[in-house]
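Please read the structure below before turning to the comments.
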Amino acid sequence: MVHPEKFIESLRRNGISFFSGVPDSLLKDLLAYIEQNVPAYERITAANEGNAIAIAAGYHLATGKVAAVYMQNSGIGNAVNPLTSLADKDVYAIPMLLIIGWRGEPGVKDEPQHKKQGRISDKLLDVLEIPHAVLSKTMSGEAIASEVARLAALSRTEGRPCALLVKSGTFEAYPMRKPVAEAGSLGREEAIGLVLDSLDGGEIVVSTTGKISRELYEERKNRGESFGKDFLTVGSMGHASQIALGIAHQKKDRQVYCLDGDGATIMHMGGLATAGWMHPKNFKHIVLNNLAHESVGGQPSAASIVDLPGVAKNCGYAFASTAATKEDLPPRLAELKEKNGPAFLEIRVNLESRKDLGRPKESPFENKKKFMDFIGK
Ligand SMILES: Cc1ncc(C[n+]2csc(CCOP(=O)(O)OP(=O)(O)O)c2C)c(N)n1
């Protein structure tokens, strides 16, 4: 185990002082330390993991120095193209040290969406020809520091990405401070309840990765309603709106709602342009905006400077608005329902979530079957 401060010190001793990446729950203590202690000019939270590789490349081009790139192993997929066609030794040979949270590590119980990714993560790094070491809680701070030194040196001398695959519990606890001002006063779970209140029952819902899907699942259960009305996108962060778009395009007689997060929306914001371009009248896109990646530790997203309804409008959505309070939400939802799509509603919510929040008991495959029955495929 290592304290985040000691780990950052060992990176700095090896000439690594700049950080880019997308937050991960296994790295949350390290990321809380970075957020609160590393100066703003030495860190950039990226929209997606591929962007983080590109930012690290830009940093190297500008300074000659090596950046650290943090991500969850589910983000390796987003990073593969810039790793192989930009940073690779056979292309521009850009050194960087990847710090990858190893969800779904073999032998450790984890959620279904992490199993395959966890099983193949080290092999994926082998295929990508990225030298790597595994860090775990049983390793001493010195052992961890020596792996950092070895891989940082290898990355620099050979001009290639190297990686640390980090197992659960490697970092000692470091609390994330809550921002003084939050996006809204409404709780996200309460907002999801109000969204369900506004529906007639026949609507198709696609929800995004993380706690939004878990809260939606619990809310349906508490109401005695079928979870088969919802496609709970447990993995594939950032793609929920495009799943919904794919459905809306085929099922023109059904209303299709997407429940998205701000981090997920920004991760693949290009999808808004596609939705605006295709212009499905039955597509309703709701973003629960807490200005943060709340599900993995509350690290800020770029949403604080993004006018999300403005983006939607400028991407060709027919309607876009915002609700920020409990009183304001029902009329805004009624309006969303009436408007022709693609229609967009930002709901500004706070950073609260329940400690005892459950997870779907049914498998993703069962969810798919029930959902397709509901759609009437
Ligand atoms: C490609 C990828 N990168 C990172 C993650 C880890 N992850 C899961 S949920 C989440 C945060 C989502 O943030 P947001 O969409 O704003 O929703 P919130 O949790 O704030 O409700 C992250 C980063 C992931 N699942 N997939």
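On the beta carbon distance between Arg354 and Thr157, with R0 = 35 Å, the FRET formula returns roughly 0.10.
Contact order for region 4-166, expressed relative to its length and based on alpha carbon pairs under 8 Å spaced 6+ residues apart, stands at 25 percent. Given Cα pairs under 8 Å that are at least 6 residues apart, what percent is the relative contact order of the chain? Over the chain, the number comes to 17 percent.
Between Arg254 and Ala181, what's the calculated FRET efficiency when r is the beta-carbon distance and R0 is 35 Å? Round to 0.05.
Values: r = 39 Å, r/R0 = 1.10.
Efficiency, from the Cβ-Cβ distance: 0.35.
Each peptide in 23-29, 258-264, 282-288 was scored by the mean count of other Cβ atoms within 10 Å over its residues; highest first, the order is 258-264, 282-288, 23-29.
Projecting the Cα atoms of Gly201, Asn48, Ile120 onto the dipole axis of the chain, where Lys and Arg carry +1 and Asp and Glu carry -1 at the beta carbon, places Ile120 farthest toward the positive end. Farthest towards the positive end of the charge dipole of the chain, among the residues Leu186, Ala149, Ala323, is the Cα of Ala149, using unit charges on the Cβ of Lys, Arg, Asp and Glu. Using a cut-off of 27 Å between Cα atoms, the listed pairs Lys109/Lys355; Lys115/Lys221; Lys211/Lys369; Lys123/Lys211; Lys116/Lys252; Lys284/Lys377 include Lys123/Lys211; Lys116/Lys252 as exceeding that distance.
Partner aspartates and glutamates whose Cα lies under 12 Å from the Cα of Lys370, excluding those fewer than 8 positions away in the same chain, are identified as Asp230, Glu362. Modelled spin-label separation between Asp328 and Lys65, with each label point placed 7 Å from Cα along the Cα-to-Cβ direction: 4.1 nm. Between Asp110 and Glu142, the FRET efficiency from the beta-carbon distance, with R0 = 35 Å, is close to 0.75.
Rounded to the nearest 5, what is the percent of antiparallel bridges among the DSSP beta bridges in the chain? Show your work: numbers first, answer last.
Numbers: 2 of 51 bridges.
That works out to approximately 5 percent antiparallel.
Taking the Cα centre of region 44-196 as origin, work out the dipole magnitude from +1 charges on Lys and Arg Cβ and -1 charges on Asp and Glu Cβ, in debye rounded to 20. Magnitude of the dipole: close to 100 debye. Under a 5 Å amide H cut-off, with hydrogens placed 1.01 Å from N, Glu346 pairs with Val287, Ser321, Thr322, Ala323 among residues at least 5 apart or on other chains. Converting phi to 3J(HN,Hα) with the Karplus coefficients 6.51, -1.76 and 1.60 and the offset θ = phi - 60°, region 112-118 yields x, 5, 9, 4, 4, 4, x Hz in sequence order, with x at every glycine or proline.
Rg/Rh for the chain to two decimals, with Rh computed the Kirkwood way over all alpha-carbon pairs.
Details: Rg = 21.2 Å, Rh = 21.5 Å.
Looking at the chain, the ratio lands at 0.99.
Computed on the Cα atoms alone, the convex hull of region 1-134 gives a volume of 109 cubic angstrom per residue.
Laboratory data are not the source of any read-out in this text; all were calculated from the coordinates shown. Quick caveat, the model's predicted, so the values are computed rather than measured. All Cβ positions, glycine included, derive from the backbone under ideal geometry; neighbour counts span all protein chains shown.
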